[in-house]
Structure formats: C-alpha cells, structure tokens
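Asker: Below: one structure in structure tokens.
The values are calculated or read from the model by the stated rules, or taken from the named source; none is laboratory data. Please read these numbers as outputs of a predicted model, since none were measured by experiment. Every residue, glycine as well, gets a Cβ built from its backbone with ideal geometry; the counts of neighbours run over all protein chains shown. Surface accessibility is based on the protein's heavy atoms, side chains included, excluding ligands, DNA and RNA. Shrake-Rupley method; radii C 1.70, N 1.55, O 1.52, S 1.80 Å.
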Amino acid sequence: MNPFELLQNTARLKEEAEKMQTELAAMTAEGSSGGKMVTVSINGKMEMTNIHLDPVCVDNRDVKMLEDLIIAAHHDAVTNMQEQIKAKAGPFLQGMNIPGLGF
C-alpha cells in the first residue's frame, strides 16, 4: 500500500471522528420511568442535563422508590442515546470495540 494513501486515509478518518464528536455532543435523549413520573434528559456524553419529577412521586415517606425511579429513567435515557449513536455512527464504528455501545 502506498504510504501517502495511508496518510490520506488517516487524515480523513481523523476528520470524520472529529465531526462525529461534534455531532454527538449536540445529541440529546430522554428516558422515563414509573409511567413518566420521572423523566431525565442526557447529552451525547451521557451526562444528565435535566430531570423532571411529577409531584405525585415526591413522597418523603418513600425516598427509596424515587431513587429507583431516577436510576431507571437515567438507564432508559442512556439506552436511547446508545441506539441513536448506533444509528448515526454505526457504519463508521463497525468493527471497533467501544465499551458500552455493543458493536
């Protein structure tokens, strides 16, 4: 293989990876639990950016249930984000072993 072709391919892959990172940073996903009593939003970095609690689920006598609902909603949002990432970046990331994405 021509070394110059290899360098061109490497530069192209780097540009595509940078573009993908920018696009991922702009993505958002939402997850919910308890019949939408708890809803969380995350960004493409899997950081929670928003949480909404239905006042019905805010009961100081059952904090454990609320904690479980928040964890479940966050898990749902992460799963939704992973599906979006697979759909958007699947062909680019095919064959790469990236933890958490299941390729």
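Asker: How large is the Kirkwood hydrodynamic radius of region 1-43, counting all unique pairs of alpha carbons, in Å?
Answerer: So the Kirkwood estimate lands at 13.3 Å.
Asker: Using a Gaussian network model on the chain with a 10 Å cutoff between Cα atoms, which of A11, A87, A73 fluctuates the most?
Answerer: Highest fluctuation among the options: A11.
Asker: So which GluC sites (Glu not before Pro) in region 1-96 pass both tests, a DSSP loop state and at most 14 other Cβ atoms within 10 Å of the Cβ?
Answerer: E47
Asker: Rolling a 1.4 Å sphere over the protein heavy atoms, what is the accessible area per residue of the chain, to the nearest Å²?
Answerer: Normalised by residue count, the accessible surface of the chain is 70 Å².
Asker: What's the carbon and sulfur percent of the chain's accessible surface, probe 1.4 angstrom, rounded to a whole number?
Answerer: 57 percent
Asker: Solvent-accessible area of L69, probe 1.4 Å, all protein chains present, reported in Å² to the nearest ten, please.
Answerer: Spelled out: L69, probe radius 1.4 Å, area about 20 Å².
Asker: A follow-up question, please. Starting at 0 and stepping by 5 Å, how many percent of the alpha carbon pairs of the chain end up in each bin?
Answerer: With a bin width of 5 Å, the distribution comes to 2, 12, 18, 16, 13, 11, 9, 6, 5, 3, 2, 1, 1, 0.
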